[in-house]
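K.L.:
My structure is below; once you've seen it, I'll send some questions.
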Amino acid sequence: MISKLYWFWYLVGLLLMSFYHVPSFLSFSNGLFLIFLTLHVLTQYHKRIAREQRTALYTTSLVIFLSTFLLEWIGTETGFPFGDYHYTSVLGLSLFGVPLAIACAWIAILLMARSFTPIAWSRPKRAAIAALYAVALDLVLDPAAHAMQFWQWAPDQWAMYDVPFQNFAAWYVTAFVLLLLLPIPDWKDSPTPLVRTYQGLLIMFGVLCAKHGMPLLLLAAAGWIAIVEWREKWRGSHAHRKQTKVV
C-alpha cells in the first residue's frame, strides 16, 4: 500500500513540478514526498529480509536519522561539512532549522545505494561503491532543490550550479562512513524495486534541473540511469549463469 502511495505521489509531483508548479495549498507535499520515499524503501527491505533481521534494519535506520540530522544541524550552524547553506520552510516541519524529512531522505538514499552492491564484496568496498551511488543522485538532486528553494547556498567560487563541491565531497564521506560502520541487512534476490525507485528519482530531479536551466544535468542523469540499468541486467544474467552452473 505504501509503495503504491509513493508512486502516486511521485507521478503527481513530477507532473506538477515539470509543467506547472506545486500550488501553495499543497506545499506540505514536498516534505511528505521524502517521508513516503523512506517508508517505501523500508517496506521493500522489510518484505525481503528475515524476521530476525528487522530489528537491525530499523535500529540502523534510526541511527542514520539521528546522525544525519545532527550533521545537518551542525552544517547549517557552522557551514561544515557541507558548506554554507540554510533550509527554507518548503520541506515542512523542522527542528533547529533542519526539516525532519531531510534526515528521512538520508535513510532512503543510503539503503537504496547499499542494496545495489553485491553481498560477496567486502564491507569497505561495498561502502565505497554505495557512496558513489548516493553522490551520483545528489549531483542532480541538490542543484534542483536549490533552484526550487528547498534550501539555499551562499555564493561559493568552487561550485556547480551554485552548489559547492565541498557538499558533494561531504556527501561521499558521510555515506561511506555510515555504510561502513552500520549493520544493514541484505536480501538475496534482485533489488530491482529499489533500482526503479533510484532511477525514478534521477528522472525527476534531472527533468527539474533541465526546467531550471541546467540541461547538462539531465543528460548526466540519463547517462547514469543507463549505467545503473546495464549494471542491473549484468547482475541478473550473472546470477542466472551462476545458478545454472550450480544446477
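K.L.:
Taking every pair of distinct Cα atoms and averaging 1/r, then inverting, what Kirkwood hydrodynamic radius in Å comes out for the stretch 22-108?
P.N.:
Details: mean 1/r = 0.0712 Å⁻¹.
Hydrodynamic radius (Kirkwood, Cα pairs) of the stretch 22-108 is 14.1 Å.
K.L.:
If each residue of separation counts as 0.36 nm, what is the full-extension length gain between Gln149 and Asp186 once their alpha-carbon separation is subtracted? Walk me through the intermediate numbers first.
P.N.:
Numbers: separation 37, 0.36 × 37 = 13.32 nm, distance 3.60 nm.
Gain on stretching Gln149 to Asp186: 9.7 nm.
K.L.:
Separate question: Quick one: grab the alpha carbon gyration tensor of the stretch 79-149, order the square roots of its eigenvalues as a ≥ b ≥ c, and give me rounded if a/c is under 1.5, else prolate or oblate depending on whether a/b is larger than b/c. It would help to have the intermediate numbers written out before the result.
P.N.:
Numbers: a/c = 2.41, a/b = 2.14, b/c = 1.13.
The shape class here is prolate.
K.L.:
I'd like to compare 112-119, 86-93: which one has the highest average count of other Cβ atoms within 10 Å, and what's the full order after that? Don't skip to the end; give the middle numbers.
P.N.:
Numbers: 112-119: 19.8, 86-93: 15.8.
Highest to lowest by the protection proxy: 112-119, 86-93.
K.L.:
At Arg51 and Leu15, where each label point lies 7 Å from the Cα along Cα→Cβ, what is the point-to-point distance in nanometres?
P.N.:
A separation of 4.2 nm, rounded to one decimal place.
K.L.:
Then there is this: Rounded, prolate or oblate: which fits the stretch 157-213, taking a ≥ b ≥ c as square roots of the Cα gyration tensor eigenvalues, rounded meaning a/c under 1.5, else prolate when a/b beats b/c?
P.N.:
Numbers: a/c = 5.62, a/b = 1.31, b/c = 4.30.
Note, shape of the stretch 157-213 comes out oblate.
K.L.:
As a quick test, which of the pairs Lys125/Lys211; Lys211/Lys233; Lys4/Lys188; Lys47/Lys211 have an alpha carbon distance above 25 angstrom in this structure? List each step's numbers first, then the result.
P.N.:
Values: Lys125/Lys211 36 Å; Lys211/Lys233 31 Å; Lys4/Lys188 23 Å; Lys47/Lys211 37 Å.
The answer is Lys125/Lys211; Lys211/Lys233; Lys47/Lys211.
K.L.:
Rounded to whole Hz and in sequence order, give me ³J(HN,Hα) for the stretch 149-163 from the Karplus expression 6.51 cos²θ - 1.76 cosθ + 1.60, θ = phi - 60°, writing x for Gly and Pro.
P.N.:
Calculated HN-Hα couplings, in order: 6, 5, 8, 10, 9, 6, x, 9, 5, 9, 9, 10, 6, 6, 9 Hz.
Every read-out reported here was derived from the displayed coordinates using simple, explicitly stated rules and does not represent laboratory data. Every value quoted in this text rests on a predicted model; they were computed, and no experiment measured them. Ideal geometry is used to build each Cβ from the backbone, glycine not excepted, and the neighbour counts take in all protein chains shown.
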